[in-house]
Amino acid sequence: MAAAAASRLLRRALTPAVARRRFSTAAVAAETPPSPLPSATGEEDAGMVSMKGVRISGRPLYLDMQATTPVDPRVLDAMLPFYLSRFGNPHSRTHLYGWESESAVEAARASVAALVAADPKEIFFTSGATESNNISVKGLMRFHRARKRHVVTTQTEHKCVLDSCRHLQQEGFEVTYLPVRPDGLVDLDHLADAIRPDTGLVSVMAVNNEIGVVQPLEEIGRLCREKGAVFHTDAAQALGKIPIDVEKMGIGLMSLSGHKIYGPKGVGALYVRRRPRVRIEPQMNGGGQERGIRSGTVPTPLVVGMGAACEIAMKEMDYDSRRISALQERLLNGIRAKLDGVVVNGSLEHRYPGNLNLSFAFVEGESLLMGLKEVAVSSGSACTSASLEPSYVLRALGVDEDMAHTSIRFGIGRFTTEAEIDKAIELTVRQVEKLREMSPLYEMVKEGIDIKSIQWAQH
Amino acid sequence: MKTIRYNSYNGTRHSRYLLPYLSVAKPLERPTPIAGLLDSKAMATAPSRAEVLSLLRSFLQAARKFSDYNIREYAARRAIDGFRGNKALSDPSAIAAAFADGMSQLEVAKRQAAVYSSYAPKTKSVMEVKMSPPERYGTSCGIRWGSGEYRKIYVF
């Protein structure tokens with residue numbers, strides 16, 4: 001026994017370590033140190049993050065709440081049981097798993113309905129606000145294709161609404177894209193003129209994702225009710241942030257999104273009015289789930305997350321809006337105190353405070369963004385930032401090309417702290433000053449030359 | 001009959017019947033086993049000042065355990081603001097309900113602190129990094145020869 005143990009020990013000591021390890025899967029696994037997360041973010045050594053050629057000392061501070069929001073821990077707590085033990089399909093009618101899933105989905109539906117003062121039977125869960133927008137625009141118009149041939153929308157709508165309208169135009173419908181005023185609000189007289197007897201849908205988003213402007217929903221709703229058109233609003237950015245009441249605002253169709261109110265990504269909802277009944281043609285055909293409006297298994301954990309997020313939003317709306325207004329003032333005053341030539345895009349009065357879109361004169365946009373790598377902000381909206389064109393929303397506001405290129409959108413949310421705002425101010429001011437120092441245009445302006453009057457020579 | 005706990009506050013001018021109660025923000029109405037148990041007990045007697053303060057202390061301890069900078073700051077700030085906001089509550093059943101809600105919220109916070117720590121990323125937020133190197137060298141895209149760089153040169 002002892003001799004066997006001794007010979008084993010001797011063999012271990014004499015065999016080269018590499019040869020020993022090569023024949024053991026456990027050893028192979030042990031060689032690569034187990035990391036808690038798959039290393040999607042390049043190398044993370046000594047606390048530096050390196051990705052796409054940029055090195056920063058830590059994770060950037062997040063000021064892009066209009067693109068998406070972090071999931072609230074209370075929402076995650078509500079969702080986890082439905083990933084772990086209560087994983088049933090809500091449409092299974094024969095066993096406990098199905099019953100408990102279904103009751104969770106119905107409870108979530110009631111929470112979402114309560115936030116917008118609707119009836120739970122009027123809420124349908126979809127995969128997001130984009131799908132809800134598609135169902136509203138295409139579904140409504142296709143149902144009424146015999147009598148209603150016209151759609152009215154604005155030039156600052158979200159890309160999914162504009163693209164759906166373009167699709168309808170190819171099918172033979174007519175679409176009017178209303179221009180907006182320079183402050184981003186839609187002109188109610190132009191809207192009243194644009195609505196015709198054969199207008200089926202008027203689509204105006206509640207809070208714009210790029211400039212944060214809040215449209216006058218009550219007036220638009222009243223106008224649509226008088227003229228007999230259905231009022232659709234994309235309330236993805238508005239839900240839980242400004243009070244929404246579908247009765248007071250005369251809303252017929254509304255698109256809601258989960259991941260803009262600190263809920264999970266991949267879920268949204270569609271509100272469809274029942275009195276008077278708004279009829280739509282389903283765009284997803286299948287087993288007739290969600291009253292036939294949207295077939296497909298309802299994703300219980302995501303829906304429960306959205307319900308929890310709506311509950312929290314209802315309780316925290318006052319607290320959050322007061323705090324976010326104060327933070328927005330701090331940000332704007334802090335930047336304006338140290339820099340001139342700062343323009344706010346969109347109306348300051350009719351604005352959701354958590355969205356601040358600023359343009360810095362005489363600064364190039366791409367270089368400004370490249371220097372602001374420790375702050376996660378966006379220029380233009382997430383869907384259009386892949387192309388180099390300036391944002392169509394800013395172009396619709398009448399902003400000059402050069403100012404549109406230098407626009408930065410700061411998104412403030414529930415979890416933003418004062419320290420983050422101060423740091424963002426410091427980094428932005430430093431970067432803008434650095435770029436302006438290098439800018440010959442800025443020097444000329446300082447000397448008093450009017451930029452617009454310069455005759456640029458051709459080479 | 002509920003036994004009276006003797007602590008430094010009993011029998012002094014800080015009697016539980018004279019103090020304005022500090023209580024908790026109104027959180028989710030989701031039934032958890034703990035809140036269910038507490039409801040029946042708490043409805044009978046409102047919590048004492050010591051209990052409420054100890055709940056706030058537990059909240060702040062749980063908040064400290066979050067690995068994420070933003071959530072940590074939010075949890076601490078929201079707890080303090082919530083308690084301060086409910087300071088003026090005078091109806092004992094309302095206070096008891098708020099206290100029960102606070103207990104269930106505390107359970108949520110403890111669970112989530114564990115979940116967040118299990119999945120914490122290796123790098124911290126820039127807000128937690130003191131004197132970040134890019135600021136020291138004046139550029140965020142500068143080359144920095146840490147020990148990792150030298151190791152990479154010699155590996156074939």
| remark: Scanning the range A:406-459 for residues that are within 20 Å of A:GLY212 (Cα to Cα) and not polar (S, T, N, Q) gives A:ILE408, A:ARG409, A:PHE410, A:GLY411, A:ILE412, A:GLY413, A:ARG414, A:PHE415, A:ILE421, A:ALA424, A:ILE425
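Here are some residues: A:GLU374, A:GLU366. Which one is within 22 Å of the chain's Cα centre (by Cα), at pLDDT below 95 and buried (at least 22 other Cβ atoms within 10 Å of the Cβ)? Walk me through it before giving the result.
Working: A:GLU366 fails: buried (at least 22 other Cβ atoms within 10 Å of the Cβ).
None of the other options fit; the residue is A:GLU374.
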| Can you name the residue in the range B:61-75 that is within 8 Å of the chain's Cα centre (by Cα) and under 19 Å from A:ALA419 (Cα atoms) and is also nearest to the other protein chains (Cβ to nearest Cβ) among such residues? | B:ALA75
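Counting only residues that are within 30 Å of B:ASP68 (Cβ to Cβ), give me the helices (runs of 4 or more DSSP H) lying completely in the range A:393-459 with at least 3 of them.
Values: elements: A:401-405, A:418-438, A:440-447.
Qualifying helices (runs of 4 or more DSSP H): A:418-438.
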| remark: A:ALA337: passes all of (1) surrounded by fewer than 15 Cβ atoms within 10 Å (Cβ to Cβ); (2) of a type in the set (Gly, Ala, Ser); (3) under 30 Å from A:HIS91 (Cα atoms) but (3)
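Does A:VAL298 meet the test of being of a type outside the set (D, E, K, R) and part of a loop (DSSP other than H, G, I, E, B)?
Details: of a type outside the set (D, E, K, R): yes; part of a loop (DSSP other than H, G, I, E, B): yes.
Considered against the rule, which asks whether it is of a type outside the set (D, E, K, R) and part of a loop (DSSP other than H, G, I, E, B), A:VAL298 comes out as yes.
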| query | Of everything in the range A:386-395 that's out of contact with any helix residue (DSSP H, G or I) (no Cβ under 6 Å at 6 or more places or on another chain) and buried (at least 21 other Cβ atoms within 10 Å of the Cβ), which residue is modelled with the highest pLDDT? | reply | A:VAL393
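Yes/no matrix, rows are residues, columns are (1) buried (at least 24 other Cβ atoms within 10 Å of the Cβ); (2) at positive phi; (3) of a type in the set (Val, Ile, Thr):
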position: A:PRO216; (1), (2), (3): no, no, no
position: A:VAL230; (1), (2), (3): yes, no, yes
position: A:THR233; (1), (2), (3): yes, no, yes
position: A:LYS241; (1), (2), (3): yes, no, no
position: A:ILE244; (1), (2), (3): no, no, yes
position: A:LEU256; (1), (2), (3): yes, no, no
position: A:HIS259; (1), (2), (3): no, no, no
position: A:ARG275; (1), (2), (3): no, no, no
position: A:ARG279; (1), (2), (3): no, no, no
| query | When you go through B:SER140, B:SER90 one by one, which is the residue that is touching a strand residue (DSSP E or B) at 6+ places or on another chain (Cβ under 7 Å) and either farther than 26 Å from B:SER48 by Cα or at pLDDT below 95 (or both)? | reply | B:SER140
| What number goes with the only condition from (1) of a type in the set (Val, Ile, Thr); (2) in a helix (DSSP H, G or I); (3) within 14 Å of chain A (Cβ to nearest Cβ) that B:VAL129 does not pass? | (2)
| query | In the range A:406-427, how many are surrounded by fewer than 23 Cβ atoms within 10 Å (Cβ to Cβ) and over 25 Å from A:ILE242 (Cα atoms)? | reply | 6
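Output the residues belonging to the range A:445-457 that are loosely packed, with under 15 Cβ neighbours inside 10 Å and either within 29 Å of A:LYS373 (Cα to Cα) or under 35 Å from the mean Cα position of the chain (by Cα) (or both).
Looking only at the range A:445-457, we keep the residues that are loosely packed, with under 15 Cβ neighbours inside 10 Å, and these are A:446-457.
If the condition is that a residue be loosely packed, with under 15 Cβ neighbours inside 10 Å and either within 29 Å of A:LYS373 (Cα to Cα) or under 35 Å from the mean Cα position of the chain (by Cα) (or both), then A:LYS446 is the only one that fits.
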| query | Does A:GLU281 count as acidic (Asp, Glu) and either under 30 Å from A:VAL445 (Cβ atoms) or touching a Ser or Thr at 6+ places or on another chain (Cβ under 9 Å) (or both)? | reply | no
| (1) assigned to a helix (DSSP H, G or I); (2) at pLDDT below 95: which one isn't true of B:VAL115, the others all being true? | (2)
| message | Cβ contacts < 6 Å: first residue of a type in the set (Ser, Thr, Tyr), restricted to the range A:79-107; second residue outside any loop (DSSP other than H, G, I, E, B), any location; separation 6+ or different chain. Result? | response | A:TYR83/A:PRO301; A:SER92/A:GLY98; A:SER101/A:THR300
| request: Consider only pairs whose beta carbons are under 7 Å apart and that are at least six residues apart or on different chains; among these, list those whose first residue lies in the range A:160-181 and is over 14 Å from A:ARG142 (Cα atoms) and whose second residue is in a loop (DSSP other than H, G, I, E, B). | output: A:TYR177/A:GLN155; A:LEU178/A:GLN155; A:PRO179/A:GLN155; A:VAL180/A:GLN155; A:VAL180/A:THR156; A:ARG181/A:ASP187
| note | The condition from (1) within 14 Å of another protein chain (Cβ to nearest Cβ); (2) assigned to a strand (DSSP E or B) that A:LEU256 misses is numbered (1)
| field | Given (1) among the hydroxyl-bearing types (Ser, Thr, Tyr); (2) surrounded by fewer than 19 Cβ atoms within 10 Å (Cβ to Cβ); (3) out of contact with any Phe, Trp or Tyr (no Cβ under 8 Å at 6 or more places or on another chain); (4) at the interface with chain A (Cβ under 8 Å from one of its Cβ atoms), index of the condition B:SER93 fails | value | (4)
| For the range A:205-222, how many residues meet the condition of being of a type in the set (Val, Ile, Thr) and assigned to a loop (DSSP other than H, G, I, E, B)? | 1
| said: On the basis of being buried (at least 20 other Cβ atoms within 10 Å of the Cβ) and under 27 Å from A:PRO243 (Cβ atoms), does A:VAL151 make the cut? | reply: no
| remark: Residues in the range A:44-77 that are at the interface with another protein chain (Cβ under 7 Å from one of its Cβ atoms), closer than 23 Å to A:GLY128 by Cβ and among the aliphatic types (A, V, I, L, M) total 1
| query | Can you tell which of A:ALA118, A:ALA107, A:ALA114 is at pLDDT 95 or above, surrounded by 21 or more Cβ atoms within 10 Å (Cβ to Cβ), of a type in the set (Gly, Ala, Ser) and within 28 Å of A:ILE261 (Cβ to Cβ)? | reply | A:ALA118
| Out of (1) away from every other protein chain (no Cβ under 11 Å); (2) within 22 Å of A:MET317 (Cα to Cα), what's the single condition that is false for A:THR416? | (1)
| For the range A:36-76, what are the residues that are at pLDDT below 85 and closer than 24 Å to A:PRO264 by Cβ? | A:PRO36, A:LEU37, A:PRO38, A:SER39, A:ALA40, A:THR41
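Among the residues of the range A:214-234, is there at least one that is within 13 Å of the chain's Cα centre (by Cα) and either within 23 Å of A:VAL71 (Cβ to Cβ) or of a type in the set (A, V, I, L, M, F, W, C) (or both)? Before you say what the answer is, go through the steps one by one.
Residues of the range A:214-234 that are within 13 Å of the chain's Cα centre (by Cα), as a first pass: A:234.
Pick out the ones that are also either within 23 Å of A:VAL71 (Cβ to Cβ) or of a type in the set (A, V, I, L, M, F, W, C) (or both) and you get A:234.
Yes, some residue in the range A:214-234 is within 13 Å of the chain's Cα centre (by Cα) and either within 23 Å of A:VAL71 (Cβ to Cβ) or of a type in the set (A, V, I, L, M, F, W, C) (or both).
The values are calculated or read from the model by the stated rules, or taken from the named source; none is laboratory data. Since the structure is predicted, the reported quantities are computational estimates derived from the model, not experimental observations. Cβ atoms come from the backbone with ideal geometry, glycine included; neighbour counts cover every protein chain shown.
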